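First the structure, in the form of structure tokens, and then the observations on it.
Since every read-out is calculated from the coordinates, none of them should be taken as a lab result. Everything quoted here is computed from the prediction, not taken from an experiment. Here the Cβ is made from the backbone with ideal geometry for all residues, glycine too, and neighbour counts use every protein chain on show.
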Amino acid sequence: MSGHSKWSTIKHQKGAADQKRGVIFSKLARAITVAAKNGSDPEMNFQLRLAVVKAKQANMPKENIERAINRASGADGAQLEEVLFEAYGPGGTAFLIETATDNRNRTVGEIRSILNKYDGKLAESGSVTYLFKHLGLIILENVDIVQAELAAIDAGAEDVDANDKTVFVYTDPKELEKVRQNLLEIEFTSSEIGFEWLPTATISIMDEKIDERISNLVESLEGLDDVS
């Protein structure tokens, strides 16, 4: 019985891992399709190049990437749009929820249902975005912090932050690729690059139950295919 139980556990874990990988691939494919609507050549389309790099880092098969790019020129791709939802969560927290959807009503319904479950609610447009700043983000790992921070500033970064041997380089979104190239020229290779909504203010959550509800809310939202 123990052997059977162990095999059942392994099958369950593998199934969960496959399901999680499927969700990740679905999100990556949507990001590629949305980006490819502005041009199917990654060399000429930075947003697409960035989406393809992330897909490759996640070991997404080449044929899946090509299919997602080709989808942009079809009817399905035309219906896919990026929508930013604003919301309030437990304990006075604020949420920006980025989505890529071909059915806005479905996405609104799914997000509202999850928010209601965890004491959250959708907010009016503009009521949350002012609490965040949209920035480009470049992460440099295993670097000399002082040298990397100085190099990032010289490369055109708006701000830098450091933790251990990792440096977080923040840029104007339009300058992200330029700063990345400048850093690359002086041999600072990024381990991750993308866009980030950085909060301009934070609050402390001292109640463990509220903290747990926030974590469950985030996990449930990220589990939605439409949420990117």
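In nm, to one decimal, how far is the residue 84 label point from the residue 222 one, both placed 7 Å along Cα→Cβ?
Placing both labels 7 Å along Cα→Cβ, they lie 2.1 nm apart.
Longest exposed-loop-site-free stretch of the chain, with GluC sites (Glu not before Pro), DSSP loop and at most 12 other Cβ within 10 Å? Don't skip to the answer; put the middle values down first.
Numbers: sites that count: 43, 124, 187.
Result for the longest clean stretch: 44-123.
With the cut-off at 32 Å, tell me which of the pairs 117/165; 37/117; 37/209; 20/117 have Cα atoms farther apart than that. Working shown, then result.
Numbers: 117/165 39 Å; 37/117 35 Å; 37/209 43 Å; 20/117 22 Å.
In this structure, 117/165; 37/117; 37/209 exceed 32 Å between Cα atoms.
Per residue of the range 209-219, in order, report the coupling 6.51 cos²θ - 1.76 cosθ + 1.60 (Karplus, θ = phi - 60°) as ³J(HN,Hα) in whole Hz, putting x for Gly and Pro.
Rounded to whole hertz, the list is 5, 5, 4, 5, 5, 4, 4, 5, 5, 4, 4.
Run the simple label-point estimate for residue 116 and residue 102 please: 7 Å along Cα→C-beta, distance reported in nm.
For the pair residue 116/residue 102, the computed spacing is 2.7 nm.
Is the shape of the range 20-164 best called rounded, prolate or oblate, per the rule: a/c under 1.5 gives rounded, else a/b larger than b/c gives prolate, else oblate, with a ≥ b ≥ c the square roots of the Cα gyration tensor eigenvalues? Spell out each step's value before the answer.
Numbers: a/c = 1.97, a/b = 1.09, b/c = 1.81.
Because a/c hits 1.5 or more and a/b fails to exceed b/c, the range 20-164 counts as oblate.
Enumerate the amide H contacts of residue 132 below 5 Å, restricted to partners 5 or more residues apart or on another chain; note that Pro and chain-start residues carry no placed amide H.
200
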